[in-house]
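The numbers here are math on the coordinates, done by the rules we state, and not lab data. Keep in mind that this is a model prediction, so the values were computed, not measured.
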Amino acid sequence: MFAIVSGLTAPLPAARGSADLVAPIMDLHNRERALFGQNQLAWSPSLAREAQDWADELARRGVLQHAGRTATRGAGENLWMGTAGYYSIEDMIGGFVEEKRHFQPGRFPDVSRTGDWIDVGHYTQMIWPTTQEIGCALATGAGQDVLVCRYWPAGNWMGHMVGFEPEGRARRTAP
């Protein structure tokens, strides 16, 4: 598990409120999953509540760190942090999607053109073939927006294939 931290010098509008977050989060995730013939994710209110609790804690403390496996109850977790109010939810999730440029289909962890799965781990969690549900939440504190997304079941399992259509054919990804 790992995280993206961003900073910017000019404000951009950021979505606020859970209703504003769900549609773009689902759209961005499911669009990427469709590239690999994967099922669409379902929104999980319980994962979103757990994500909100953790996002609130991180924002209160002004740090970005993954919750332990006990706290996530085995769910996968993507984190993002950036200057408060400067980023839209599309920018935040877009940070995960941007990792696609290093992604290559394969057996995890051999899924990155850089040789380091950390460079694509947010993206592989987004498109993980067995993941069925997602819940995300946004919190603000210490001058930072913190996005926490939880995935069930978790992805990024060693030795498992990712980036293939259900029939087993690898999909080409953007260079």
Legend entry - Extension gain from Thr114 to Arg101, taking 0.36 nm per residue of separation minus the Cα-Cα distance: 3.7 nm
Legend entry - Semi-axis lengths, Å, the range 69-151, gyration tensor of Cα atoms, sqrt of 5 times eigenvalues: 24, 16, 10
Inset, instruction - Kindly provide the Kirkwood hydrodynamic radius of the range 3-162 in Å, to one decimal, from all pairs of distinct alpha carbon atoms. - result: 15.6 Å
